[in-house]
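First up is the structure itself, then whatever we jot down about it.
Every number in this text was worked out from the coordinates using simple rules, so none of it is lab data. In this text the structure is predicted, and so the values were computed from the model without any measurement. Every residue, glycine among them, receives a Cβ derived from its backbone with ideal geometry; neighbour counts consider all protein chains shown.
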Protein chains: 2
Amino acid sequence: MDETLPAQAGAPIGKVTLQGLARELGLSTATISLALRDSPMVAEATRLKVQEAARARGYVANRGAAALRTARTNIVALGLHDIVNPSFTELLAAVEDALSDAGKTVLLGVSQEDVERQTRTLGTLAEYRPDAFLVSPAAHTRVEDLKALASTGIAVVQVTREIEGSGFDFAGSDDVAGVALGVAHLVELGHRRIGMIGGYGAISTGRKRFAGYKAGLAAAGIAFDPALVMEGPGLRDEGRKAMARLLALDEPPTAAVCFNDLSAFGALMELQAAGLTAGRDFSLVGYDDIEEAKVWHPPLTTVHTFIPEYGRAAAGLALKRIADPGRPVERVEMAPKLVLRASTCAPVPVKRRPS
Amino acid sequence: MDETLPAQAGAPIGKVTLQGLARELGLSTATISLALRDSPMVAEATRLKVQEAARARGYVANRGAAALRTARTNIVALGLHDIVNPSFTELLAAVEDALSDAGKTVLLGVSQEDVERQTRTLGTLAEYRPDAFLVSPAAHTRVEDLKALASTGIAVVQVTREIEGSGFDFAGSDDVAGVALGVAHLVELGHRRIGMIGGYGAISTGRKRFAGYKAGLAAAGIAFDPALVMEGPGLRDEGRKAMARLLALDEPPTAAVCFNDLSAFGALMELQAAGLTAGRDFSLVGYDDIEEAKVWHPPLTTVHTFIPEYGRAAAGLALKRIADPGRPVERVEMAPKLVLRASTCAPVPVKRRPS
DNA sequence: TGTGGACGTTAAATCGTTTAGCATGGCCTA
DNA sequence: TAGGCCATGCTAAACGATTTAACGTCCACA
């Protein structure tokens, strides 16, 4: 009271509730509630009067209370293993946009690729009783870790990554086909000795992209050589180290596909450090096609995976499962597309640096 | 019951509530509630028994119900104007991390730089009764738009951007000093004709960075020339267009500072398209130092603004204000730091391309 | 044998909604 | 005029937790 409020004149500082409005208008809370939600059960005149009063007094509904009654929060919990990775930013933005269009609000949890933290985080999210969980599980997550969520009866949808055998809806890209696309491109250029950088068995995308690599080789009749596979998480540093190891081989590959663009960037850095140029001395294909891929020097040839598209699809799956929990499990796998830029060329035997 | 549950054996499908546990253990809900929260008012033995039962039956607290009673949700609403912009991803990650460490959960809303959408979004977030709002307001947001939030008694903290005169806590970078730093660097290299790319009056960062530009010029005794200022939102495209306009001037500048790295990237593209190379034919200084800045060709000289640091600071301010709503307003302005890379050089008169 | 505490537990109120079922009154019809 | 039917709005009971005053018990001590 010590200073005039800048908000609506006369708006009370304390909370305006349904009951407050009811008392003030001489109506019951039931009527107020119905009127505010445009129920046909309340007379037009009453409805207008109530809505006007609500606006005037600055009434803000309490969804928590409503949720308690209706067992519907309109919250979707989003459990991501990482958000600094640019590909997940795109995903997050698309998911948020799609859900907010549908009247849902996003409650965010980040596991930082740590199963224990993920368990804690998902547990906390669950306490808010979201209508659905949308998760990109951390590496090493087991089926039981996710099943625990579902036992509460909440819809669960996996995005990008999946836990095989969990039996939940899934939206992501067709990684096997995607990486095979990259390999096919290299084969077409004449490469026979093709490495794989990044990706590892602890996550589904790692396994699928690796399978795509093998499938690509098989399709071209090229024997698989485990020495050319450099496992690791898809990070810049890992990509860099992997490329160093590839170049140090007795018989280095002339090209490589990558688990994702981030590891491709690391590989590009290492090539540069070794005095080599991708697209002239070595061929490199990334994966995902994030914004940064086109600005690299040379611009990265990569596989576009339609992240925003499958993000929206994942949101859609969640909405559909909320509406009908009994529906059959659905999987959406977007077909990726090769984007030719300038980081590949015909094979050139890698000449070791004098140093 | 048609199939065995993978969760804890015997875990009921329906919801386990405090009351359920109470009935089962022959205790009152009061005792259960106290026991679960390790209250000293309940005997050790009882506490253990209750906690064990809760674990066994898969009890998950209902925070919505608790919040109704306690008027504390442990939710912090995060209202960002954008999340695809990489600098905001870093911010989001830092804020989420800091808040989750403090036991708060993030409810996300994105305004997409649209005041009307922001109003809708913040309104929705408010219905969940967050303990605090953390906002980076959309362009053109007015004081009243934010005041409406505060009138509900919820803590409001601004991050990155601020609405002057709103009287809320703020954490961000000292943009005036930051851009002045960039200008000083160019001046030191010998530049006298320095342009400014991006930034506009609709947001505080735009105004402050512009002020920094003018302050930098003034400190060097260089007259301000409005023809060298290219206003616009800080996007790649805008930066590109701005650089094109600068180059088309009768007397183009030999250098420019930018509103942010994104517009600097656009400017770099335009330079390249014009057959020029930054760091040899033209000098360019970015702002923010996002991950991508160091991989550009040439690597971008820019001003590092410590985004994660002020993100954590913002989270801290929110926590402090929740704890003590009456405390005096606090502002945190991180001092930025110049990062020298390779996009600047001594002045070279811009020679128009023959085309 | 009272008295007084300490201790553990509980009853009951409360938070702000929603909703099923019921009451009221007016109007139409038979 | 009675009966039935609508339209409208109300009553009251949830929803699942937290909180606090009050209530036994039990024990120690004077």
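Rounded to the nearest 20 debye, the dipole magnitude of chain A is 300 debye, with +1 charges on Lys and Arg beta carbons, -1 on Asp and Glu beta carbons, and the Cα centre as origin. Counted over the protein assembly as shown, the DSSP beta bridges are approximately 15% antiparallel.
The length gained on full extension between A:Ala223 and A:Val143, counted as 0.36 nm times the residue separation minus their Cα-Cα distance, comes to 25.4 nm.
How high is the relative contact order of region A:159-255, in percent, counting Cα pairs under 8 Å that sit 6 or more residues apart? Could the numbers behind the result be given before it?
On the way: 127 pairs, mean separation 30.9, N = 97.
So the answer I get is 32 percent.
Over region A:114-160, the ratio between the Cα radius of gyration and 2.2 N^0.38 Å evaluates to 1.03. Pairs of Cα atoms nearer than 8 Å and 6+ residues apart set the relative contact order; for region A:125-192 it is 28 percent. With a Förster radius of 25 Å applied to the C-beta separation of B:Arg37 and B:Lys320, the computed FRET efficiency comes to 0.55. Got a sec? Which residues in region B:164-198 would a label at B:Val329 touch, if it sits 7 Å along Cα→Cβ and we count backbone N under 20 Å? B:164-177, by backbone N distance to the label point. Distances from B:Glu24 to itself in the other copies, using label points 7 Å out along the Cα-Cβ axis, amount to 4.4 nm in increasing order.
Compute the distribution of all C-alpha to C-alpha distances in region B:145-234, in bins of 5 Å from 0, and list the percent of pairs in each, rounded to whole numbers. Distribution as computed: 3, 13, 21, 20, 14, 11, 8, 5, 3, 2, 0 percent. Mean separation of Cα pairs under 8 Å and 6 or more residues apart, divided by the residue count, gives chain B a relative contact order of 15 percent. Modelled spin labels at A:Glu188 and A:Arg245, positioned 7 Å past Cα toward Cβ, are 3.0 nm from each other. For region B:166-209 versus region A:170-218, the inter-centroid distance based on Cα atoms is 45 Å. Label-point spacing at B:Gly165 relative to the other copies reads 6.4 nm, in ascending order, each point sitting 7 Å out from Cα along Cα→Cβ.
DSSP beta bridges in region A:221-355, what fraction antiparallel, as a percent rounded to 5? Among the beta bridges of region A:221-355, antiparallel pairing accounts for roughly 35 percent.
Within 10 Å of the Cβ of each residue in A:141-154, the mean number of Cβ atoms contributed by other protein chains is 3. Computed from the C-beta positions of A:Glu52 and A:Asp114 and an R0 of 35 Å, the FRET efficiency is 0.10 to the nearest 0.05.
With both residues required to sit in chain A, DSSP beta bridges show an antiparallel share near 10%. Spherically averaged projected area of the convex hull of Cα atoms, chain A: 24.1 nm². What the phi angles of region A:86-98 give under the Karplus curve with 6.51, -1.76 and 1.60, with θ = phi - 60°, is a coupling list of x, 5, 7, 5, 4, 4, 4, 4, 5, 5, 4, 4, 5 Hz, glycine and proline written as x.
Going by a ≥ b ≥ c, the root eigenvalues of the Cα gyration tensor, does region B:83-176 fall in the rounded group (a/c under 1.5), the prolate group (a/b larger than b/c) or the oblate group?
Details: a/c = 1.32, a/b = 1.07, b/c = 1.23.
It is rounded, given that a/c, with a ≥ b ≥ c, falls under 1.5.
Computed log10 I(q)/I(0) for the protein assembly as shown at 0.05, 0.10 Å⁻¹: -0.29, -1.08, from the Debye equation with unit scatterers placed on every C-alpha and solvent omitted. Only one residue of B:Gln118, B:Gly182, B:Gly167 has its Cα farthest out toward the positive end of the dipole of chain B, where Lys and Arg carry +1 and Asp and Glu -1 on Cβ, and that residue is B:Gly167. Filter the cross-link list B:Lys104/B:Lys294; A:Lys208/A:Lys241; B:Lys147/B:Lys214; A:Lys208/A:Lys351; A:Lys147/B:Lys320; A:Lys294/B:Lys241 down to pairs whose alpha-carbon distance in this structure exceeds 27 Å. Flagged as over cut-off: B:Lys104/B:Lys294; B:Lys147/B:Lys214; A:Lys208/A:Lys351; A:Lys147/B:Lys320.
Eigen-decomposition of the gyration tensor built on the alpha-carbon atoms of region B:213-355 gives equivalent ellipsoid semi-axes of 35, 17, 13 angstrom, largest listed first.
Convex hull volume of the C-alpha atoms in region B:38-127, normalised per residue: 128 Å³.
Take B:Val329, push a point 7 Å out from Cα through the beta-carbon direction, and compare it with the same point in every other copy: 5.5 nm, smallest first. Charged neighbours of A:Lys337, selected by a Cβ distance under 12 Å, balance to -4 (K, R count +1; D, E count -1).
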